[in-house]
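The values are calculated or read from the model by the stated rules, or taken from the named source; none is laboratory data. In this text, all values refer to a predicted model and were calculated from it rather than measured experimentally. We place every Cβ from the backbone using ideal geometry, glycine too, and count neighbours over all the protein chains shown. Side chains included, ligands, DNA and RNA excluded: accessible areas come from the protein's heavy atoms. Shrake-Rupley method; radii C 1.70, N 1.55, O 1.52, S 1.80 Å.
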Amino acid sequence: MAQLIKKIMIAATLLMSGVVSAQVADNFFKVTHVAGNVHMLEAPDTDGNIGVFSGPDGVLLIDDRYDRDTENLLVAVRSISDADIRFLVNTHVHPDHIGGNNNLAAYGVTILAHDDVRVRMLTELRIPRRGGITFPQPPPGALPVITYSDAISFHLNGEEVRVFIAPPAHTDGDSFVHFLGSDVMHLGDVFRTNMYPIIDVYNGGSFLGMIAAMELAIELAGPDTKVIPGHGSGVSNRAGMQEVLALLYDIRERVAALVAQGLTLEQTMVAAPTAHLDERWGKVPSWTASDLIPIVYEELRALNN
Ligand SMILES: [Zn+2]
């Protein structure tokens, strides 16, 4: 009953303030306690997983999915903590990670992101799905008000939360978030457990950089570190990161062998170097081996030239 009253009060406040207008769904987000002060919010589509860091000093959110999800996000946060939502970190610029910014800023939340994320939010955004989809420029209220070039630390709820730029991987503005006391990491879309990695070449992404970024994340992790993936169901861990790194090594090795033989891109695609991996990693129709392999091929060929 208390939960229902809270939900109605939050929805009423937001509706009156004009922040949001969508329906609140029951249990839209699956709420999972990851470890220590960190929870993970997972939507039914398993895209854009959100990190919630909470305690007596307040709440810090990592990513906020789409505009339409804000009410449900607030309800889910309230099921974890009554403390104010004070900060939001965007791990990168994609719409399923920044879409709630404008709503949350209106709610009084301070938004932080890497310098490059803010710069890219000053224009419309093109991403490489199916040959290029364009998203409109976000409203001014959605922009991060604090940016960093390298790293920034929060000192909240009795622990340090380190946020730092990863090597160019998914994009060139990917931040990793490391909750040191809780022993949890949120790696944004550098780490997905449900599909091949997306390399956003329109926004500075790099396949070889993704290998460097995953190597760094594994190096920083301890044996018991829990990891929130940007996409994919459930909390992951060191073994999950090692599985993804092994996948990246496998793809690099097989495509490099074809490049070394002098095959063209067309011949490389016909050779299907990831055929043995597609069943596990290539099932999401919007991003398959046919999207990834040309990017890997071009990067490896450039190394040979
Ligand atoms: Zn992304």
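Angle between the Cα long axis of helix 289-304 and the longest principal axis of the chain, 0 to 90 degrees, nearest 10? The helix 289-304 is inclined about 60 degrees to the chain. Across the stretch 114-125, rounded Karplus estimates of 3J(HN,Hα) from the backbone phi angles (6.51 cos²θ - 1.76 cosθ + 1.60, θ = phi - 60°) give 5, 3, 5, 5, 5, 4, 5, 7, 8, 9, 5, 10 Hz, Gly and Pro being marked x. Mean-square fluctuations from a GNM of the chain, with a 10 angstrom spring cutoff on Cα atoms, peak among Val109, Val184, Val117 at Val109. Under 20 Å from a label point set 7 Å out along the Cα-to-Cβ vector of Glu253, the amide N atoms of the stretch 194-225 belong to 196-197, 207-216, 218-219. At an R0 of 22 angstrom, the distance between the Cβ atoms of Gln242 and Leu220 translates into a FRET efficiency of 0.95. A Gaussian network model of the chain, with springs between Cα atoms under 10 Å, assigns the largest mean-square fluctuation among Val259, Val52, Val235 to Val259. For the stretch 34-48, the Karplus equation 6.51 cos²θ - 1.76 cosθ + 1.60, evaluated at θ = phi - 60°, returns couplings of 7, 5, x, 8, 10, 10, 10, 10, 10, 7, x, 7, 6, 8, x Hz by residue, with Gly and Pro reported as x. For the stretch 123-138, the residues whose backbone nitrogen is under 15 Å from a point 7 Å from the Cα of Val201, taken along Cα to Cβ, are 127-133.
A cut-off under 13 angstrom between Cβ atoms defines the neighbours of Asn103, and their net charge, with Lys, Arg +1 and Asp, Glu -1, is -2.
Normalised per residue, the accessible area of the chain is 42 Å², obtained with a 1.4 Å probe and no contribution from ligands, DNA or RNA. How large, in percent, is the carbon and sulfur part of the accessible surface of the chain at a probe radius of 1.4 Å? For the chain, the apolar C and S fraction of the accessible surface comes to 54 percent.
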